[in-house]
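Bear in mind that the values in this text are calculations on the coordinates, not laboratory data. Bear in mind the structure is a predicted one, so any value in this text is a computation, not a measurement. Using ideal geometry, Cβ is built from the backbone for each residue, glycine included, and neighbour counts are taken over all protein chains shown.
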Amino acid sequence: MSLLVVEDLHTHFVSRDLDNRVRTAKALNSVSFALAEGEVLGLVGETGAGKSLTAFSIMGLLRPPARIVQGSVRFAGQELVGLAPEQLNAVRGARIAMVGQNPRGALDPLTRVGEQIVRVILAHQAVSREAARAAALEAMARVGIPDPARRFRSWPHELSGGMAQRVLIAMALVNRPTLLIADEPTTGLDVTVQAQILDLLRTLVREMNMAALVITHDLGVVAHYCSRMAVMFAGRIIEMGPVEAVFGTPRHPYTQALIAATPENLTLDGASPLGGRPPDLFALPPGCHYVDRCPIATEACNALPPWRSVAADHGALCHRVES
């Protein structure tokens, strides 16, 4: 059964230039996917592909000039697009939780960490402050924070990056949500701490039987922690399938290049290691958005390709998916 269904989602940035002309950046274009109960889906792609924007659109965290102009986001059968703020607030934090980048920046520097977790509990549960404090301490212990009673009284600046991320995970999971969105949850952490945080998230997702959407640029994270993956390029999902199938037989030329890319291919001028640059979202080509960088493009690629399935659960947005 699908817990989350995103269907034909379009998110645009609408603004005006210096001549007062309306300009529209089509940042998400017909994004569709489903996430089953207990499943872990990895969302990958270059910077600017639309990964984080997909998460913000699902959570209803968009701010002008960004807005959803078309599409549906259904969570447990409930449509989230168009919900009033108070209705969305009842879902966020309680049934859908998010762990983002920059844990230090996400914590309120003027409030002790334990109090921040207590506030999350009281916002969604009708319990006493004493019960909320006990639940916060239990959540801190669950995510591996040593001496929770002492850390409960700590200020955010007193925590290491890894410890701050554990606090954010405790805040996200304290109300026992059924869906966790992890948006680059280990950015800025050293390699050892990254592994600890990712192992912790995987363990907690399994123990709490949650579904998870893991947003990352690190294919190693997807290979190790996810069961299924979706590849994004220029605001579209261009390939999706089981991790083993996509890594073993990638069908879209972009996916093939992404898997083949290595850190040593980075250049000092900011060019993508995949060759070329992402297209201008204000002037997307009418056909395949990857056409200018594709080594096997043909005349047919000037028309938007259909979604082609190569297996029941594996497909790609490409005219030459069998090539």
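In what sequence do Ile237, Ile259 fall when counting other Cβ within 10 Å, fewest first? Mind dumping the intermediate values first?
Details: Ile237 26, Ile259 16.
Going from least to most buried by this count: Ile259, Ile237.
Panel order for Thr54, Thr192, by other beta carbons found within 10 Å of each beta carbon, from fewest to most: Thr192, Thr54.
Projected onto planes of every orientation and averaged, the convex hull of the alpha-carbon atoms in region 98-183 covers 5.1 nm². Using a simple spin-label model with pseudo-atoms 7 Å out from Cα toward Cβ, Glu115 and Ala131 lie 2.3 nm apart. Plainly put, region 168-323 has a radius of gyration that is 1.01 times its Kirkwood radius, both from alpha-carbon atoms, as the Rg/Rh ratio.
Highest-first packing order for the peptide set 97-107, 199-209, 296-306 is 97-107, 199-209, 296-306, based on the mean count of other beta carbon atoms within 10 Å.
Pairs of Cα atoms in region 13-57 fall into 5 Å distance bins, from 0 up to the last occupied one, in shares of 5, 15, 21, 20, 14, 11, 6, 4, 3, 1, 0 percent.
Calculated on the alpha-carbon coordinates, the convex hull of region 148-251 measures out at 125 cubic angstrom per residue. Using C-alpha pairs below 8 Å separated by at least 6 residues, the relative contact order for region 277-319 is 30 percent. Working from Cα pairs under 8 Å separated by at least six residues, relative contact order for the chain is 20 percent.
Computed from Cα atoms, the angle from the helix 129-142 axis to the main principal axis of the chain rounds to 60 degrees. Taking trypsin sites (Lys or Arg not before Pro) across region 1-95, the ones in a DSSP loop with at most 15 further Cβ atoms lying within 10 angstrom of their Cβ are Arg21. The ranking of Leu189, Leu168 by Cβ neighbour count inside 10 Å, starting from the fewest, reads Leu189, Leu168.
Whole number please: convex hull volume per residue, Cα atoms of region 1-131, in Å³.
Hull volume over Cα atoms, normalised by residue count, gives 163 Å³.
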